[in-house]
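Colleague: The structure that follows is given in the form of structure tokens.
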Amino acid sequence: MRMVGREKFDADLKYVQDLLLELSNTAIDTLNNAIDHLLDHNIEGALTVINNDIHINRLDEEINDRVILLIAKQQPVATDLRRLMVLVKTAGDMERIGDYAVNIAKETIRIGKDEHIPSIHLLDEMRVKTIHMLKQILDAFVNEDMEEAKLIAKLDDDVDEMYGKTIKVFLSTGIENPEQMGQITQLSFVCRYLERSADHATNIAEQLLFLLKGKHYELNN
Amino acid sequence: MEQILEKESKIILPTKDIVYDTQQLNLWYGNHHALKNIDLPIRENEVTAIIGPSGCGKSTYIKTLNRMVELVPTVKTTGKILYRERNIFDADYGVEELRTKVGMVFQKPNPFPKSIYDNIAYGPRIHGIKNKKILDEIVEKSLRGAAIWDEVKDRLTTNAYSLSGGQQQRICIARCLAIEPDVILMDEPTSALDPISTLKVEELIQQLKEDYSIIIVTHNMQQAARISDKTAFFLNGEVVEYDDTDIIFSTPSDNRTEDYISGRFG
């Protein structure tokens, strides 16, 4: 009895994993940039975010297509098959983060050059936490580090709490300054997009656990 | 508060009766220890697949179930194989009686050089059935059961050798059904067949398990995954893992099983 390689399968798998890495890094950077552009009233930057989304979408499609071909041609089973399914789902999570960046860019354009409300800095704090979570979960995913993934998923509670607090502050600002209600609505959406992005980090942690254990987990209720 | 919840998703089905219960079976060819401490319960109306690399003992095991392995003069066995709760190695257990209940289909289709009709009627005739009407009924029922009736009903007197490989294999299955067995053993029944014939035989196996218990040795892991309810992974004469096929092909508990089914071993 001897170990035999599945060199073609492993090479193709590695290619898809690299695509996911590229997609993830691009999506996370784009989200980060989208908030920068919002804070800087940078309309041009916001337009770049919108235009770049096509690249993220294409990567997601290519991952889907390549995984379908791998399943059709190589008939993987067990962990190999789960790894492919998890790649597709994680690509979907990351692609969605790219969509949130686009949404944030659109809000940036809507707000335009209007002076920001003072509490906008809360969004910056929330961004720092969310981006940290996404970067960390990507590392844990690449290293297949289950314990790290569980810890990162717990950070979602912090983001949820920040979300609740930020929305409250925004609303009370709006009650005091009804003329700013338009901008506050846009910023509340941005706040929601960041909160949703952090939820996707939890999804990815759950996917990693599914990959490694073959069972479904709920890391955050 | 514990946040990490493991979701329970397994479907529990009622357990079926055991038709074959292998207990601590050991088998030697001369000095070669070919089967080691095999414990394997085979349940009725299920398809049990035996997989493993060449020389792992899977064919030896299936040939032990109908005592065909005894044709090899140097064979020695210890342990028990209970068929319907009776040890087939008991001194007073008649091998003919066993083989009436346990049919076998081989790797290469091996019809007799006779007409299609005579191939199927062969077993019943040996059992003393001479009445033409009864034989006609058995032949039709068996050919229907093997999903080949429509293809051969107009040429029952033609020599079975004139059929394609896939048709010959279904004739052999029909011949096996003619003696109304309880269990059907299949030793790589599709390895000599083209893909379409293979799929037909696989479909047939799915239908047959309604009425029979089927044990199939296969080199084709995807076939085991497609058609079986339970899978046993043999390696070096031992059962490394035996479980629901769904588990074996998704979350096997032994790394050697995972390596083998993933094509990284063998």
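Colleague: Within the stretch A:1-118, which helices (runs of 4 or more DSSP H) (wholly inside it) include 1 or more residues that are among the basic types (K, R), buried (at least 22 other Cβ atoms within 10 Å of the Cβ) and touching a helix residue (DSSP H, G or I) at 6+ places or on another chain (Cβ under 8 Å)?
Modeller: Those helices (runs of 4 or more DSSP H) do not exist here; none qualify.
Colleague: If you go through the stretch B:224-244 one residue at a time, how many are outside any strand (DSSP E or B) and either closer than 18 Å to B:S59 by Cα or within 11 Å of chain A (Cβ to nearest Cβ) (or both)?
Modeller: 6
Colleague: If a residue must be under 18 Å from B:F233 (Cβ atoms), in contact with a Leu (Cβ under 9 Å, 6 or more places away or on another chain) and part of a helix (DSSP H, G or I), how many such residues does the stretch B:24-81 contain?
Modeller: Counting residues in the stretch B:24-81 that are under 18 Å from B:F233 (Cβ atoms), in contact with a Leu (Cβ under 9 Å, 6 or more places away or on another chain) and part of a helix (DSSP H, G or I) gives 5.
Colleague: A further question follows. Return yes or no: is A:I152 part of a helix (DSSP H, G or I), within 14 Å of another protein chain (Cβ to nearest Cβ), farther than 24 Å from A:K106 by Cβ and under 16 Å from the mean Cα position of the chain (by Cα)?
Modeller: yes
Colleague: Filter the stretch B:245-261 for residues that are under 22 Å from B:T190 (Cβ atoms) and crowded, with 17+ Cβ neighbours inside 10 Å; which is farthest from the other protein chains (Cβ to nearest Cβ)?
Modeller: My answer is B:T245.
Colleague: Could we say that B:E180 is charged (D, E, K, R) and farther than 20 Å from B:N66 by Cβ here?
Modeller: Taking the combined requirement at face value, the residue does not satisfy it.
Colleague: Considering the stretch A:1-44 alone, what residues qualify as being within 14 Å of another protein chain (Cβ to nearest Cβ) and among the aromatic types (F, W, Y)?
Modeller: Residue satisfying the conditions is A:F9 alone.
Colleague: Give just the number: which of (1) basic (K, R); (2) farther than 18 Å from A:V86 by Cα; (3) touching a strand residue (DSSP E or B) at 6+ places or on another chain (Cβ under 7 Å) does A:K154 not satisfy?
Modeller: (3)
Colleague: Mind listing whichever residues of the stretch B:192-202 are small (G, A, S) and either at pLDDT 90 or above or in a helix (DSSP H, G or I) (or both)? Lay out the reasoning, then the answer.
Modeller: Start the filter on the stretch B:192-202 by keeping residues that are small (G, A, S), which leaves B:192, B:197.
The answer is B:S197, and nothing else.
Colleague: Just to verify a result, which residue in the stretch B:48-69, among those that are buried (at least 24 other Cβ atoms within 10 Å of the Cβ) and of a type in the set (A, V, I, L, M), is nearest to B:I205 (Cα to Cα)?
Modeller: Checked the stretch B:48-69; the qualifying residue nearest to B:I205 (Cα to Cα) is B:A49.
Colleague: Anything in the stretch A:45-93 that is away from chain B (no Cβ under 14 Å), more than 19 Å from the chain's Cα centre (by Cα) and of a type in the set (D, E, K, R)? List them, or say none.
Modeller: A:D65, A:R66
Colleague: Continuing with the same structure: So, in the stretch A:143-190, exactly how many residues are over 30 Å from A:E206 (Cβ atoms) and small (G, A, S)?
Modeller: Total meeting the criteria: 3.
Colleague: If a residue has to be closer than 11 Å to B:R175 by Cα and not polar (S, T, N, Q) to count, how many in the stretch B:101-126 make the cut?
Modeller: Of the residues in that region, 13 qualify.
Colleague: Please tell me if B:D229 is farther than 16 Å from B:E46 by Cα, modelled with pLDDT of 95 or more and touching an Asp or Glu at 6+ places or on another chain (Cβ under 6 Å). Show your work before the answer.
Modeller: Numbers: farther than 16 Å from B:E46 by Cα: no; modelled with pLDDT of 95 or more: yes; touching an Asp or Glu at 6+ places or on another chain (Cβ under 6 Å): yes.
Judged against the criteria, B:D229 is not a match.
Colleague: Any residue at all in the stretch B:201-223 that's charged (D, E, K, R) and within 14 Å of another protein chain (Cβ to nearest Cβ)?
Modeller: Taking the stretch B:201-223 and keeping what is charged (D, E, K, R), we get B:202-203, B:209-211.
Still in the list and also within 14 Å of another protein chain (Cβ to nearest Cβ): none.
Taking every residue of the stretch B:201-223 in turn, none turns out to be charged (D, E, K, R) and within 14 Å of another protein chain (Cβ to nearest Cβ).
Colleague: Conditions: (1) more than 14 Å from chain B (Cβ to nearest Cβ); (2) surrounded by fewer than 16 Cβ atoms within 10 Å (Cβ to Cβ); (3) among the small types (G, A, S). A:A201 meets all but one. Number of the miss?
Modeller: For A:A201, the failing item is (2).
The values are calculated or read from the model by the stated rules, or taken from the named source; none is laboratory data. From a predicted model like this one, the values you see are computed outputs, not experimental measurements. Here Cβ is always computed from backbone atoms with ideal geometry, including for glycine, and neighbour counts include all displayed protein chains.
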